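In what follows, a structure is listed as structure tokens, so that the remarks can point back to it.
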Amino acid sequence: MNLQIDSNAIFPPVAQGGALTIGNFDGVHRGHQAILQQLRKLADQVSGPAVVFTFDPPPSRLLRPDFAPASLTGIERKKELLTKLGIDFVIVYPTSKQLLDLEPEQFFESIVVRSLRAKAIAEGENFQFGKHRRGDVFLLKQLCNEHGLRFSLLEPQQDQGEWISSTRIRSLLEAGDIAGANRLLIEPYRISGIVSRGAQRGRTLGFPTANLETIPVLCPPIGVYAGRVTGCNGSKKNSLSTPSPIGMPAAINIGPNPTFGEARVKVEAHIIGYAGDLYDHEIAIEFFAKLRDVQKFDSKEQLLSQLNMDIERARTTARDSKNAF
């Protein structure tokens, strides 16, 4: 079976004839960075572009929809990070049953040889491809030899005696270990969401919050966190009429509000020193550390005292983390 190239998938001529790597690259972590650095060297050696071929959605969403893990990065964020690491082109291919049913040899012929005319490939030891993940790095090396492609195999990168992987980072985040996850990433972990109107209780307490909804990636567990605003996109309804909050520290509360009897889990960010209107705008926030668990306070005064301490700790943490990456 030959893959009929989807018209939505773009293989521009300028992306052909270079070095290629294939994978999900979820999170874009230090393990990926090692592969991409080698990819850049190969691209320079063959005088062509460094190209990443990735999938949208991840194949697991089609193969095992009930067990597919939450993503660590959306496509646009992934492309941004890959570009920062020296990649010339990111090919985002729409995942389909037709694509996943290709035998490894057919995938190699359709994508690597015909569509991208690759001259070199870099992959990690655990790379698998083709129907039922039958293709491995040994078959990939054989196919590269048969077609005259250079092939570079990278050993898994380790941190504290364990492999660096998206699965490990996901586990650290799910445990609230932001510092541990960030140590493996090339930039602090980031979520984004649309600011919606909440109960506005924070504003009445003197601590207005941006309530984030429609968050497309894994959200850290219930707790209070220190972070910083890294992005703010305009709304279709109205433009930002106040200065941008980008770069400002934030104290983020994920969870219910037990002090006021609210059980619904929410993501609320108090952007320290900011009082503008962000409703309907999309903002991005990176996380630096977990400050504490969510707790119920016996009075409003106790809550306010704790919020002041949270904000000071968040401010300090953001300042100290500014140059960590």
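Scanning the stretch 160-182 for residues that are of a type in the set (Gly, Ala, Ser) and within 21 Å of residue 34 (Cβ to Cβ) yields 161, 165, 166, 171, 180, 181.
Of all residues in the stretch 152-167, how many are surrounded by 13 or more Cβ atoms within 10 Å (Cβ to Cβ) and over 20 Å from residue 22 (Cα atoms)? Residues in the stretch 152-167 being surrounded by 13 or more Cβ atoms within 10 Å (Cβ to Cβ) and over 20 Å from residue 22 (Cα atoms): 1 in total. Is it the case that residue 238 is closer than 22 Å to residue 78 by Cα, modelled with pLDDT under 95 and assigned to a loop (DSSP other than H, G, I, E, B)? No: the conditions fail for residue 238. Taking strands (runs of 3 or more DSSP E) as the structural unit, those lying wholly within the stretch 146-218 and holding at least 3 residues that are in contact with a helix residue (DSSP H, G or I) (Cβ under 8 Å, 6 or more places away or on another chain) and not assigned by TED's automatic domain parsing to the domain that holds residue 264 correspond to 150-154. In the stretch 245-264, which residue that is part of a strand (DSSP E or B) and at pLDDT 90 or above is farthest from residue 175 (Cα to Cα)? Here the residue is 249. Considering only residues of the stretch 84-117 that are touching a helix residue (DSSP H, G or I) at 6+ places or on another chain (Cβ under 8 Å), within 17 Å of residue 18 (Cβ to Cβ) and not β-branched (Val, Ile, Thr), which is surrounded by the fewest Cβ atoms within 10 Å (Cβ to Cβ)? So, considering only residues that are touching a helix residue (DSSP H, G or I) at 6+ places or on another chain (Cβ under 8 Å), within 17 Å of residue 18 (Cβ to Cβ) and not β-branched (Val, Ile, Thr), the one surrounded by the fewest Cβ atoms within 10 Å (Cβ to Cβ) is 86.
Yes/no per residue for (1) surrounded by fewer than 18 Cβ atoms within 10 Å (Cβ to Cβ); (2) farther than 23 Å from residue 197 by Cα:
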site	(1), (2)
247	yes, no
272	no, no
285	no, no
290	no, yes
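Residues that are hydrophobic (A, V, I, L, M, F, W, C) and in contact (Cβ under 8 Å) with a residue 40 or more places away in the chain within the stretch 170-197 comprise 173, 175, 178, 179, 184, 185, 186, 191, 194, 195, listed in sequence order. Of all the numbered requirements in (1) touching a residue at least 40 places away in the same chain (Cβ under 8 Å); (2) within 30 Å of residue 284 (Cβ to Cβ); (3) touching a helix residue (DSSP H, G or I) at 6+ places or on another chain (Cβ under 7 Å), residue 81 misses one, and that requirement is (3).
The values are calculated or read from the model by the stated rules, or taken from the named source; none is laboratory data. A quick note: this is a predicted structure, and the numbers were derived from the prediction, not measured. When we count neighbours, we look across all protein chains shown, and the Cβ atoms used for this are built from the backbone with ideal geometry, even at glycine.
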